[in-house]
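The values are calculated or read from the model by the stated rules, or taken from the named source; none is laboratory data. Model, not experiment: these values are computed from the prediction. Counting neighbours? That spans all protein chains shown, and the Cβs are built from the backbone with ideal geometry, glycine included.
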Amino acid sequence: MNKIIELGEVALASRFKMISDYLYAHVDKVYKEKNMPFQSRWFILVHLLNEHGEMSVTELADELGQSHSAVSQLTKKLISKHILSTKIDSKDERRRLLYLSDEGKELFNTIRPLCYTIEKSINQYILDSGYNLMETLRAFEKQLEKHSFSDDILRRLNISDKNQVEIVSYRPEYKEDFKRLNIEWLEKYFYVESFDNEVLSNPETYILSKGGYIYFACFKGEVVGTCALMKDSDSSWELTKMAVTEHYQGLKIGHKLAQKIIDTFLSFNSGTLFLETNSKLIPAIRLYEKLGFVQQENPKEGSHYSRANVYMIYKPL
């Protein structure tokens, strides 16, 4: 136990399990001492059925936050002990409902006084600790409901690796990556227009041969993002074809790519840098604003893309 305590928050799940096992074991000891053929791990399920009357295994699993198979195994055990009974749902013959048998109801009524005593004991332990444990636990549970714990861990791992992101210039072997990344982004948020497909299939013709630039973000040898600086006229340049694969968002790849485009543009010492985007891409617009882009009326009529309804121009900070 001391070793687990020393590990701190990283061993929180193990500490919760140890506390849980401790409480279950001691309550089972009381049941045994009082000659009650009941186990503490059955209580919540039996209590739910006592409150709701009839429930399916799926409904019980949802309420308990446990797997269907785990609940199914437990209910089979309780049926074998004649605590639960089962019947076919009159509204759906494919569905079976579980309910407390007469023996189960009698047993549950027998343990009720003991449950109140258990509650008083645990409340005293909490009171003596000097903390509102139940309120703290609920706040902690709300955070777990609000966020995906595994996603948060992976995001933090990615952020810790952000310095491993390398921005490189176009290479012929990256041609398919340029199309792949942009198609992936377009299919997620919009759809692939004919002009999209034409440009993405021929980046050398539409971008590079006209004096433009294409950059890629590489992470641990994998191409995970791209962006282009396309020449619109002798004095006008467009930041376009920004795409970052979803699995690596959180590494500030979009920021690095956009900054590279800006740095390249600034090396010209003159001209205008603009971009076109869509108003529903709020995170992207915030990134552009942070980098120095401001929204303006589009000086040209229309756009290459039907999805573009926001025009932004770069104004150095």
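Rundown of residues vs (1) modelled with pLDDT under 95; (2) in contact with a Ser or Thr (Cβ under 8 Å, 6 or more places away or on another chain); (3) closer than 20 Å to Glu119 by Cβ, yes/no style:
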site: Ile5; (1), (2), (3): yes, no, no
site: Gly8; (1), (2), (3): yes, no, no
site: Met18; (1), (2), (3): yes, no, no
site: Lys34; (1), (2), (3): yes, no, yes
site: Pro37; (1), (2), (3): yes, no, no
site: Met55; (1), (2), (3): yes, no, no
site: Ala61; (1), (2), (3): yes, yes, no
site: His68; (1), (2), (3): yes, yes, no
Filter pass, Val10 being assigned to a helix (DSSP H, G or I) and surrounded by fewer than 11 Cβ atoms within 10 Å (Cβ to Cβ): yes
Selection from the stretch 34-67 of residues that are surrounded by 14 or more Cβ atoms within 10 Å (Cβ to Cβ), assigned to a loop (DSSP other than H, G, I, E, B) and without any contact (Cβ under 8 Å) to a residue 60 or more places away in the chain: Gln39, Ser56, Gln66
Which listed residue, of Thr264, Thr240, Thr277, is in contact with an Asp or Glu (Cβ under 9 Å, 6 or more places away or on another chain) and of a type in the set (Val, Ile, Thr): Thr240
Residues of the stretch 227-253 that turn out to be farther than 17 Å from Leu291 by Cα and either of a type in the set (S, T, N, Q) or not assigned by TED's automatic domain parsing to the domain that holds Lys300 (or both), as a count: 5
Unique residue being of a type in the set (Val, Ile, Thr), part of a helix (DSSP H, G or I), touching a Phe, Trp or Tyr at 6+ places or on another chain (Cβ under 8 Å) and within 27 Å of Ser20 (Cβ to Cβ) when the list is Ile118, Ile111: Ile111
Conditions (1) aliphatic (A, V, I, L, M); (2) in contact (Cβ under 8 Å) with a residue 60 or more places away in the chain; (3) more than 30 Å from Lys29 (Cα to Cα); number of the one not met by Leu97: (2)
Residue check, Ile88 surrounded by 10 or more Cβ atoms within 10 Å (Cβ to Cβ), of a type outside the set (S, T, N, Q), over 22 Å from Glu59 (Cβ atoms) and not assigned by TED's automatic domain parsing to the domain that holds Thr245: no
Per-region count, the stretch 114-133, residues more than 14 Å from Phe43 (Cβ to Cβ) and either surrounded by 11 or more Cβ atoms within 10 Å (Cβ to Cβ) or over 33 Å from the mean Cα position of the chain (by Cα) (or both): 12
Test: Tyr31 is among the hydroxyl-bearing types (Ser, Thr, Tyr), within 34 Å of the chain's Cα centre (by Cα) and not in a strand (DSSP E or B): no
Exclusive hit being under 24 Å from Ser194 (Cα atoms) and at pLDDT 85 or above, set Glu238, Glu246: Glu238
